[in-house]
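Student: Attaching a single structure in C-alpha cells format; questions to follow.
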Amino acid sequence: MKSSRQQLLVLLGVLSGAQAFTGPQSVMTASPFVRTTGSALKMSKETDMERESDENKSLHETYSLDLSKTIYTSSMKSPKDAYVAFAEKGAANAKMAKRKIFHQAVLGGCYVGFGGLLSLSIAGNIGGIGGANPGLEKMAFAALFPVNLLLIATTGGQLFTGNTATVAAARFEELVDNRELIRNWIVSLAGNVVGCSIMAYAAWYAGCLTGGTADLAMKTAVGKVGATFGKNFVKAILCNWMVSIAVFLAGASNDLVGKLVGVWFPISTFVAIGLEHSVANLFIMPAAMLLKAQLTWGDIMFRNVIPVLFGNAVAGAIVVAASYSYQFGRLGGKRRAIFAEQLAQYEKRKMLLKNKIESLREGQTA
C-alpha cells in the first residue's frame, strides 16, 4: 500500500510539472486535463470555447510553447511566443488597406512630435543647472521622449522604424510577400513625414517653440547634420536596434504597466546616447527650419535623412527581425509544425500518465 501511494505521489508530481508546458493557446482540440487542489485530484474536461470564456480565463496561465521548461505568467509571453506575436503584428500592419496604413502612420508621426515637443520643452528650459550638468539635460530628454512609443504601441499607430522590424519578421515567416512589405514601408514613411510635419508646424504656429525650447531644437538639428554619412548610418543602426526591441518587449507584455516598462528603457537608452531615429528627426528638422536654423535642405537630406533611413532599415530588418527569425522562426529551420508535433506527443504521454494514475487509484481502493 505504501509503495502504491509513493508511486501515485511521484506520478502526480511529474504530471503537474509537465502540465506547465501547456496553456489555453497550446491545445488545439478539446482534451481532458488534470488540475490539483491541495490533496484532491480533480478531473475536468474543458473545450477551447470554455477556456476562453471570461469566467475561466483567470484559471489559466499562458506558458511557453517551446518546451523550454520555463513557466511564464499571464502577464508575460515567452521569447518565442513574443516573436510570433511580433511577426503577426507585422503581418497585420502590412495587410491593412493603404489608406489605413497612411492614417495610422500620420497619427504615429504626430505622437512622435508630441514626445519630441514635451522633451524639448522640459530639457530646453532646465536653465543654469542644465548648463553646468549636461547629463541632466540629456536625462530629462531621454526620460520624457518614450511617451510617444507608448501612445503608438497602445493605439495601433505605425512608424516606419518599427515596421522595418515587424513587417520584415512577417516576411521571413512568409506571412506577407515582398510587395506588401515594400508598400507598407513606403506608405508608413510617407504618413510619418506628414504627421511629424503637422506637429512641427502646429508647435511653431502656437508659439510652443520659443526660448530654451527653440534653442535646444536648433542645437539638436544642427548637431545631427554635423556628423559624416557613415557615422549617422551606424548611429541609426544602433538606434533602431533599441526601438525594435522596445516594440518586441511591448508585444511580449500583456498589460499596460509591462508595456510602459518595456518601451521606456530601450527608448530612453538611444535618446540619452544620442543615436539617430529617422522619424524623430522628421519632427526636429522641420521645426528647426521654421525657426530659421543654419541648415539647408541638402544638408538635412544627404547628411542625415538618407543615411539614417538606411541605417534604421538595416537594424530593423537584419539585426532584429532576421536574428530572431533565426533563433525562433523559419530562418533557423524551426517551424510551428515541429512544435505542434511535440505538443501532440506530449498530450499522448499525458494520457498515458493519467491512465496509470487511474489504475493506481483503483488498486488502492481494491
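Student: Under the Karplus relation 6.51 cos²θ - 1.76 cosθ + 1.60, θ = phi - 60°, what is the ordered set of whole-Hz ³J(HN,Hα) values for segment 217-229, x standing for Gly and Pro?
Tutor: 4, 5, 4, 5, 5, 4, x, 6, 9, x, 7, 6, 4
Student: Assigning unit charges at the beta carbon (Lys, Arg +1; Asp, Glu -1) and nothing else, what dipole magnitude in debye, to the nearest 20, does segment 231-366 show about its Cα centre?
Tutor: Around 400 debye, computed over segment 231-366.
Student: Over segment 77-145, what is the relative contact order in whole percent, taking alpha-carbon pairs under 8 Å and six or more residues apart?
Tutor: 27
Student: For each pair in Lys89/Lys224; Lys224/Lys292; Lys231/Lys292; Lys89/Lys350; Lys89/Lys259, compute the distance between the two Cα atoms and list the pairs where it is over 22 Å.
Tutor: Pairs exceeding 22 Å: Lys89/Lys224; Lys231/Lys292; Lys89/Lys350.
Student: Can you tally the net charge around Val234? Count Lys and Arg as +1, Asp and Glu as -1, for every other residue whose Cβ sits under 15 Å from the Cβ of Val234.
Tutor: +3
Student: Assigning unit charges at the beta carbon (Lys, Arg +1; Asp, Glu -1) and nothing else, what dipole magnitude in debye, to the nearest 20, does segment 147-303 show about its Cα centre?
Tutor: 400
Student: Packing-wise, with mean Cβ within 10 Å as the measure, how do 226-238, 109-121 rank, highest first?
Tutor: 109-121, 226-238
Throughout, read-outs are computed from the coordinates displayed, never taken from laboratory work. This is a predicted model, so every value here is computed, not measured. Cβ coordinates were reconstructed from backbone atoms using ideal geometry, including for glycine residues, and neighbour counts include every protein chain displayed.
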